[in-house]
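Undergrad: Here it is, the structure, as structure tokens.
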Amino acid sequence: MYPRRYTPDVATPRLSDLENEAWQGFLYAHDRIWREIEAGIAPLGVSMSEYSVLSLLGRAGRSGMRMSELARDRLMSTGGVTRLADRLERRGLIERRRAAEDGRGFVAVLTPEGRNLLRKAWKRQHADVRRLFLDRLDDDDLRALTRIWSRLRPESDEERTDADGDRTGHR
């Protein structure tokens with residue numbers, strides 16, 4: 001099903017067969033779905049990184065999002081999200097304004113052109129996600145994945161340590 005398992009010639013920590021199958025399955029599914037979604041939105045002239053920022057801004061509504069929040073939610077550095085926002089702003093897809101609350105930070109908002117592009121990208125991406133992922137799973141599968149993803153969130157790392165700071169498992 002997945003590429004043949006590589007067995008190193010040197011003694012190294014190894015995954016069990018079950019662990020390896022789960023990990024390789026995740027990597028394969030992620031790469032395949034990511035590439036197909038990326039190919040689907042490419043004709044719109046938008047990269048996956050650009051799409052993810054536009055999507056976050058679309059969900060934020062007309063009030064937009066602070067640049068620092070965009071960086072946090074995209075798991076990017078502030079410099080990286082600034083460079084990406086520069087590109088989107090040059091293309092007329094977003095604009096940045098001083099934050100009304102404190103005047104120190106900036107808020108990014110979609111322009112009408114950005115909202116129009118996002119609607120097209122959402123339509124394509126949602127169809128691809130449904131075809132490649134959701135239509136292949138039933139509600140029990142989706143609930144199981146939801147539980148798994150919640151365990152993998154960074155805030156779950158704090159919950160997985162005991163009083164001595166040792167990691168605890170969910171097995």
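What follows is calculated from the coordinates using simple rules that are stated; it is not laboratory data. Quick caveat, the model's predicted, so the values are computed rather than measured. Every residue, glycine as well, gets a Cβ built from its backbone with ideal geometry; the counts of neighbours run over all protein chains shown.
Undergrad: Can you tell me the length gained on complete extension of the stretch S47 to W23, counting 0.36 nm per residue apart and subtracting the Cα distance?
TA: Details: separation 24, 0.36 × 24 = 8.64 nm, distance 2.62 nm.
So the chain would gain 6.0 nm between S47 and W23.
Undergrad: Could you work out how much longer the chain between L75 and D140 gets when fully extended? Use 0.36 nm per residue separation minus the Cα distance between them, nm to one decimal.
TA: Gain in length upon complete extension: 20.5 nm.
Undergrad: How large is the convex hull of the C-alpha atoms of the range 14-151 per residue, in Å³? Before the final figure, lay out each step's value.
TA: Values: hull volume 20.5 nm³, N = 138.
Looking at the range 14-151, the number lands at 149 Å³ per residue.
Undergrad: Under a crude label model (7 Å from the Cα following the beta-carbon direction), how far is F133 from I148 in nanometres?
TA: Between F133 and I148, the label points sit 1.2 nm apart.
Undergrad: Could you run the Karplus curve 6.51 cos²θ - 1.76 cosθ + 1.60 with θ = phi - 60° over the range 113-121 and give me ³J(HN,Hα) per residue in whole Hz, x for Gly and Pro?
TA: Those phi angles translate into 5, x, 5, 5, 4, 4, 4, 5, 5 Hz.
Undergrad: Compute, for the range 1-134, the length of the dipole vector about the Cα centre, with Cβ point charges of +1 (Lys, Arg) and -1 (Asp, Glu) only. Units Debye, rounded to 20.
TA: For this selection, approximately 600 debye.
Undergrad: Continuing with this model, one more query. Suppose each label sits 7 Å from its Cα in the direction of the beta carbon; what would the A100-R119 distance come out to in nanometres?
TA: 2.4
Undergrad: Continuing with this model, one more query. Could you give me the ³J(HN,Hα) list for the range 140-151, computed from phi with Karplus coefficients 6.51, -1.76, 1.60 and θ = phi - 60°, whole Hz, x at Gly and Pro?
TA: For the range 140-151, the Karplus-derived couplings read 5, 4, 5, 5, 5, 5, 4, 5, 5, 4, 5, 5 Hz, x marking Gly and Pro.
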